[in-house]
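Asker: The structure under discussion is supplied below as structure tokens; questions concerning it will follow.
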Amino acid sequence: MFDYHLHSNVSHDAYDSPVRIAMVAKEKGLTEICFTDHQEIDYPYPEEGMVRLDYTLYDRELDKARERVPGIGIKRGVEVSLMPGSLEKIARDVRGQAFDFVIASQHTIQGKDPYFGDSFEGKTLRQAQRDYLEEMLFDLAHYEDFDVVGHIGYLDKYLPNIESLKEKTPFEYMDFPDLLDGILKSAISRGKGIEVNTSNYSVYEWPTPIRSVLKRFRELGGEIVTLGSDAHMADKVGYRFRDAVEYMKECGVKYVCKFTARTPEFVPLEKF
């Protein structure tokens, strides 16, 4: 199996080195991993210490991991955070790098990150969710250079912590069918995919996207699906992948993809 969403301590918010992460991944039986450290261009919370990804340091640490942990594939990826006013800057940055894999994620809504809770201020649950999906749809319509859309449903992971919300129900496909169809069709029509992100299992009994959204992706003809733990520490590598594989099968997913030089390889899910 392959973990295609991993953060090392090259990212501002992660804890373990690529060497340590690769060692744990190999011990857990994974055959390939892809580091997708954060590129947070124009992130609106400078006090959090988010800076642009240091590619010189990144490459040095990945080379060290490849040398010290043989027998496991180690790919070079990135997770970019889409924001309406920064899309061209992000595109220039990605064009200048030789990545194997690029995740495009919506981490902010109108300049606020759900992680901190302030993106929910003055809004009902459905208003906040609609704003998230509308901004994601806009960003994906104006940004091309990615391989999969990251964790569709990111903001719902933080609902249990938002005291101002009376309702804390994650959205389903039926709640925003037009917006979700727009997002999924935008990816599919350009030969892109989505990821199944298992970090959501730490809050709910399902990964992102929620089952109804993943099923809709397949109904629309989507084929490219990657699997990632979104681990920010080594012990979370491959988190609940066995459960996620069964979940994917139940939703009609046939393949899990890995990437080399931005080209997907389709591995039958039945092998796992």
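The values are calculated or read from the model by the stated rules, or taken from the named source; none is laboratory data. If you're wondering where the values come from, they're calculated on a predicted model, not measured in any experiment. Because the Cβ atoms are built from the backbone with ideal geometry, glycine has one as well, and the counts that use them run over all protein chains shown.
Asker: State all residues of segment 215-241 that are of a type in the set (A, V, I, L, M) and either in contact with a Ser or Thr (Cβ under 9 Å, 6 or more places away or on another chain) or closer than 15 Å to Phe266 by Cβ (or both); if no residue qualifies, say none.
Answerer: Hits for segment 215-241 are Ile224, Val225, Leu227, Ala231, Ala234, Val237.
Asker: Can you tell which of His151, His107 is assigned to a loop (DSSP other than H, G, I, E, B), modelled with pLDDT under 95 and under 25 Å from Leu220 (Cβ atoms)?
Answerer: The unique qualifying residue is His107.
Asker: Okay, next question. Exactly one of (1) among the small types (Gly, Ala, Ser); (2) within 19 Å of the chain's Cα centre (by Cα); (3) buried (at least 17 other Cβ atoms within 10 Å of the Cβ) is unmet by Ser119. Its number?
Answerer: (2)
Asker: Give me the residue from segment 217-272 that is touching a His at 6+ places or on another chain (Cβ under 9 Å) and not in a strand (DSSP E or B) and, out of that set, nearest to Met1 (Cα to Cα).
Answerer: The qualifying residue nearest to Met1 (Cα to Cα) is Ser229.
Asker: Do we find a residue being assigned to a strand (DSSP E or B) and either buried (at least 20 other Cβ atoms within 10 Å of the Cβ) or in contact with a helix residue (DSSP H, G or I) (Cβ under 8 Å, 6 or more places away or on another chain) (or both) anywhere in segment 61-70?
Answerer: Pass one, segment 61-70, residues assigned to a strand (DSSP E or B): none.
No, segment 61-70 contains no residue that is assigned to a strand (DSSP E or B) and either buried (at least 20 other Cβ atoms within 10 Å of the Cβ) or in contact with a helix residue (DSSP H, G or I) (Cβ under 8 Å, 6 or more places away or on another chain) (or both).
Asker: Six or more apart or on different chains, Cβ under 8 Å: which pairs go from a residue in segment 21-38 that's closer than 17 Å to Val245 by Cβ to one that's assigned to a strand (DSSP E or B) and modelled with pLDDT under 95? Could you list them?
Answerer: Sorted first by the residue in segment 21-38, then by its partner, the list stays empty.
Asker: If only one of Lys89, Lys75 is assigned to a helix (DSSP H, G or I) and over 30 Å from Tyr173 (Cβ atoms), which one is it?
Answerer: One residue alone meets the criteria, Lys89.
Asker: Separate question: Any idea which residue in segment 71-106 is surrounded by the most Cβ atoms within 10 Å (Cβ to Cβ), counting only those that are of a type in the set (Asp, Glu) and within 28 Å of Val24 (Cα to Cα)?
Answerer: Glu79
Asker: Can you find a residue that is among the basic types (Lys, Arg) and under 25 Å from Asp145 (Cα atoms) anywhere in segment 14-29? Give the derivation first.
Answerer: Quick first cut of segment 14-29, residues among the basic types (Lys, Arg) only: 20, 26, 28.
With the extra rule that they be under 25 Å from Asp145 (Cα atoms), the set shrinks to none.
No; the residues of segment 14-29 include none that is among the basic types (Lys, Arg) and under 25 Å from Asp145 (Cα atoms).
Asker: Now, a different point. Here is a check on your reading of the model: is Leu214 in a strand (DSSP E or B), in contact (Cβ under 8 Å) with a residue 12 or more places away in the chain and under 20 Å from Ile183 (Cα atoms)?
Answerer: Taking the combined requirement at face value, the residue does not satisfy it.
Asker: Still on this structure: When both residues are 6+ apart or on different chains and their Cβ atoms are under 8 Å apart, which pairs have a first residue that lies in segment 94-122 and is at positive phi, and a second that is surrounded by 15 or more Cβ atoms within 10 Å (Cβ to Cβ) and acidic (Asp, Glu)?
Answerer: If the second residue must be surrounded by 15 or more Cβ atoms within 10 Å (Cβ to Cβ) and acidic (Asp, Glu), the pairs left are Gln110/Asp131; Gln110/Glu135.
Asker: Filter segment 127-171 for residues that are closer than 20 Å to Val225 by Cα and surrounded by fewer than 16 Cβ atoms within 10 Å (Cβ to Cβ); which is nearest to the chain's Cα centre (by Cα)?
Answerer: Glu144
Asker: With Arg240, Arg211 as the choices, which residue is under 30 Å from Ser17 (Cα atoms) and basic (Lys, Arg)?
Answerer: Residue meeting the stated conditions: Arg240.
Asker: Only residues that are within 19 Å of Gly228 (Cβ to Cβ) and in contact with a strand residue (DSSP E or B) (Cβ under 9 Å, 6 or more places away or on another chain): list them for segment 98-126, please.
Answerer: Result: Phe99, Asp100, Phe101, Val102, Ile103, Ala104, Ser105, Gln106, His107.
Asker: Right, Tyr43: crowded, with 20+ Cβ neighbours inside 10 Å, modelled with pLDDT under 95 and in contact with a strand residue (DSSP E or B) (Cβ under 9 Å, 6 or more places away or on another chain) or not?
Answerer: yes
Asker: Continuing with the same structure: Within segment 249-263, take every residue that is β-branched (Val, Ile, Thr) and touching a residue at least 60 places away in the same chain (Cβ under 8 Å) and give me the one that is farthest from Phe217 (Cα to Cα).
Answerer: Of everything passing the filter in segment 249-263, Thr260 is farthest from Phe217 (Cα to Cα).
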